[in-house]
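The values are calculated or read from the model by the stated rules, or taken from the named source; none is laboratory data. Values in this document were obtained by computation on a predicted structure and should not be read as measured data. Glycine gets a Cβ as well: all are built from the backbone with ideal geometry, and neighbour counts include every protein chain shown. Ligands, DNA and RNA are excluded from the accessible area calculation, which covers all protein heavy atoms including side chains. Shrake-Rupley method; radii C 1.70, N 1.55, O 1.52, S 1.80 Å.
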Amino acid sequence: MNRQVQALLAKEWIKLRRGIWIIPLLLGYAAIDSVLVLNTIDRVHGTFGLWATLIAKQPPFFASFRLLVACGVLTGFLQAWPECQGKRLRLLFHMPVMPGNIVGVMVGTGLCVMLLTGAAACGLLAASMNAFHMPADMILPVMVSLLQWVLLGITAYLGTVAFFAMRTMGGRVLVLWVMLAAFKLLWNYGDYGASEQALWRYGLFAAGFLPLVFFSYLRFMGERADSRLYNGTRAAGLLLFAVALCAVLPDLYWRTVMPSRVRQQLHFSPVEQQFVIMSSYPEGTTGPGGLSGTVVTLEDGKVLSRSETAQALPVKYSHDLIKWKAFPESVNGIPLSEHEAQYGWQFIRFMPRDWNSPAPMLHMLLESAPQGARLEMPDDMFRLGAGAGSLEFLRPEDGSVDTVKSDKFTAALRDAGFVFPVKALGGNPDTRKEYDAGYLLVDAQGTLFNLQMVHGLPRCVNSGERVPGNVRGVVVTESRRREMVGFVMTDTALFAVMQDDLSLRELPLDNLNADSGHMYLWADKLGKYLVQGDITRPEEGLTGKAMTTGFAVTHTYSLPMRAADIEALERVTDAASVLLPVRVVQRSPQSRFLSMGFEYATSPLLALGSGMMLALLLVWRTRAAGRSVRWWDCLLVIVFGPVALLGIGLVSPAVRLPRWR
């Protein structure tokens, strides 16, 4: 280490020592608060209840670690504030060192502080959870969520340093907006571990603050505008600003201009042998439930009154018909009792988020034959062993593995013909249901199995059914009908698992895409019906299929979106293509995972044409001002449109702010 670097490091220590002692206090408070939250849940519900609460409800018990943001702001303030005061000579101007080296040592020192702070936060939180004997299956997803706040603390530090170096109002607005985008992307973590797939992208976004800091200080110290370092950091800073705007503005735009549209539902009437269309108009709807503000029609256009709607859907509105003493004794010759209408139906809604979500940290296998009349929670939980090659039951009281029970249940699966590793599994460990069907598992060969715990012993049934295709998810849905015990979703098909023999029945879905298709299924004594749609193509509307009790399709009806709604949606979509051609997407209705993906305009030609025109305008204005045109600025404007042009305007020469005093 040469003397120049030693001198710079000594200078940074002189600045940091005034307040760096506050960081351990903040981390200590966050760690103690997290332990107290966990201890409170443990005292009230016990160790098993603590584990179950974290698995099922995923509370933000470690929310105090958001103080990492305060640590970042504090570190940035301690380093940047002394360098940017106005009525004193700045050491930056009087050291015989290249400006890039000066800024590099300063930022490197601050990043080391923040990385150590983040590592300490992760260690403290992991130790807090380990004190309650939680396994790595529970700790690691929480660590992934905490890493978001570690990155947010780093961006807060870099943003603070860049903010104090900017001498113009436009530059400070640029920095503040980028920091706002960082908060939007990293503040909320969703489910535990939901950001695992996007963590590296968040890291790249945080790393983008580095050139912004260098650009701020090089400009602050009067670096030549034609130097490569200055131009490179300027271009990277503008790119970061454009991405930041694309992460914030599109959501604001759609919240502002999203046109109201008629919400439509389909329900098949076994009386009319037609689909009933329920259209809810926003200007007439007075509440979330009931038929107030809803127009009900049949396929042939006949408008139904409330009583006629109930008569057309006798099972769905059985309570109304019973109250009115108008419940029919039979429908189409099929006897139907009041009890069958009230309790003999099953309704299941499927969304892509059901299988595009983080896997459960641990699983609970209920006792299927309890001594009492109600189901009870078990004393342990299980997970898949290394490589999904076995089942491992864990004791919450000490976090140890119950090897005897684990070997017993794993052997029962093998004896039934199960081939490890486990490809997919699903269960419904809810004690409020009337009975427990255990877990459905798909083995390495695609064969479906059912695993239950009966009197503490394993009961494993090989269905002999092979699930074709790539299994995306398994859903268990016990109901009073005891007909369909669960469902298996693949990339292009949805299979119902029958209760009596575990046979698979493929549902009649057209062009199903597991990543975008949504549907709901109704089943009762009179028959079944299935309604299908696509989240990414709402203009296609809904398709309904009526079926017999044996899944044979008897009637099909398609309900497209209203033409007026399509036209209104196209107008705002075209405007978005011109104003905000690029959109940074973090959350979507198709997935519970967090992401940081990019979506280009719905109308690419409009977006490209707008970008080209704005680029020509930029060239003309730059030439008229007597400055040289930067090709990177033109490229940014072509791709990002008006948001890039705004960033270029903010960093252009402008009236300086009063200096800090």
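Before moving on, here are some points about what is shown:
- Mean separation of Cα contacts under 8 Å, 6 or more apart, over the residue count of the chain: relative contact order %: 12
- Peptides 455-461, 118-124 ranked from most to least packed by the mean count of surrounding Cβ atoms within 10 Å: 118-124, 455-461.
- Rounded tilt (10° steps) of 228-257 against the dominant C-alpha axis of the chain: 40
- Using a simple spin-label model with pseudo-atoms 7 Å out from Cα toward Cβ, residue 324 and residue 501 lie 4.1 nm apart.
- Each peptide among 520-527, 329-336 gets the average number of other Cβ atoms lying within 10 Å of its residues, and from highest to lowest they stand as 520-527, 329-336.
- Placing pseudo-labels 7 Å out from each Cα toward the beta carbon at residue 227 and residue 563 gives an inter-label distance of 6.5 nm.
- The slack between residue 620 and residue 398, meaning 0.36 nm per residue of separation minus the straight C-alpha distance, is 72.7 nm.
- Accessible heavy-atom area order of 570, 272, 367, highest first, probe of 1.4 Å: 570, 272, 367
- Value in Å of the Kirkwood radius, where the range 351-507 supplies the Cα pairs that are averaged: 15.9
- Rolled with a 1.4 Å probe across the full set of protein chains, the surface gives residue 262 an accessible area near 10 Å².
- For residue 365, the residues whose amide H sits under 5 Å from its own are 382, ignoring neighbours fewer than 5 places away on the same chain, with H placed 1.01 Å from N.
- Positive-end residue of 189, 84, 619, charge dipole of the chain with Cβ unit charges: 84
- Ranked by solvent-accessible area (1.4 Å probe, protein heavy atoms only, all chains present), the residues 498, 258 order from largest to smallest as 258, 498.
- Within the accessible surface of the chain, defined with a 1.4 Å probe on protein heavy atoms only, the carbon and sulfur portion equals 58 percent.
- When each of the peptides 635-641, 10-16 is scored by how many other beta carbons lie within 10 Å of its residues on average, the order from highest to lowest is 635-641, 10-16.
- The charge dipole of the chain, taken about its Cα centre with unit charges on the Cβ of Lys, Arg, Asp and Glu (plus for the first two, minus for the last two), comes to roughly 4000 debye.
- Annotation: extensible slack from residue 374 through residue 480 equals 36.7 nm (criterion: 0.36 nm per residue apart, minus Cα-Cα distance).
- Of all lysines in the structure, those lying under 26 Å Cα to Cα from residue 184, and not within fewer than 8 positions of it along the same chain, are 57.
- Hypothetical label at residue 273: residues of the range 298-315 whose amide nitrogen lies under 18 Å (7 Å Cα-Cβ projection): 298-302, 312-314
- Shown for the chain is the translational diffusion coefficient from the Stokes-Einstein equation, using the Kirkwood radius over Cα pairs, a temperature of 10 °C and a viscosity of 1.306 mPa s: 54 µm²/s.
- Comparing 344, 322, 264 along the charge dipole axis of the range 236-347, the residue lying farthest to the positive side is 264, per the Cβ-charge model.
- Computed from Cα positions, the angle between helix 642-651 and the longest principal axis of the chain comes to roughly 30 degrees.
- Against the main long axis of the alpha-carbon atoms of the chain, helix 631-640 sits at an angle near 20°.
- Given charges at Cβ of Lys, Arg, Asp, Glu: the chain dipole, positive-most of 47, 164, 573: 164
- Accessible area per residue (1.4 Å probe, heavy atoms of protein chains only) ranks 374, 219 as 374, 219, with the largest value leading.
- Per residue, the solvent-accessible area of the range 351-507 (1.4 Å probe, heavy atoms of protein chains only, all protein chains present) comes to 44 Å².
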